[in-house]
Amino acid sequence: MVSVGMKDNIKVHIEYCGACDYGGHCLALANAIKKSTTNASVICKKGRQGSFEILLNDKLVYSKLQTMALPDYEEVVNVVLDVSNGGEPRVIKGQQAINCAIS
């Protein structure tokens, strides 16, 4: 169902690190986006090592290469939904906890 005021063809491109096994993260995020925003097209593509880069309508809104953490999926979904309702893409600031132990 498409609501009045929804933009057509919201493009979400996610570049993920295949060596880091982030493909599952990309698919989980893609499913969450598609569930909330039916007019979003999500493409998951293997890319640079350590990457999890999200472009929304060709604008970089999140970069794991810059933050060293995966994004907060709920915030990503909300930003995509806002854009589908006429808003502008905005930078995603929320992050998942970094699980890094140095021994």
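Each reported figure results from applying straightforward, stated rules to the coordinates on display, with no laboratory input. The model shown is predicted, which means the values in this text are computed figures rather than measured ones. With ideal geometry, Cβ positions are generated from the backbone for all residues, glycine too; neighbour counts draw on all protein chains shown.
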Express as a percent, rounded to the nearest 5, the fraction of DSSP beta bridges in the chain (both residues included) that run antiparallel.
60
So for the stretch 7-86, Kirkwood radius off the Cα pairs, Stokes-Einstein at 20 °C and 1.002 mPa s: how many µm² s⁻¹?
173
Only Lys, Arg (+1) and Asp, Glu (-1) charged, at Cβ; the chain dipole about Cα centre in debye:
180
Taking a cut-off of 27 Å between Cα atoms, list the lysines near Lys46, but don't count ones fewer than 8 places away on the same chain.
Lys11, Lys34, Lys35, Lys59, Lys64, Lys93
Using alpha carbons only, how many degrees (0 to 90, rounded to 10) separate the axis of helix 23-36 from the longest principal axis of the chain?
20
So how tilted is helix 73-84 from the main axis of the chain? Cα-based, degrees 0 to 90, rounded to 10.
30
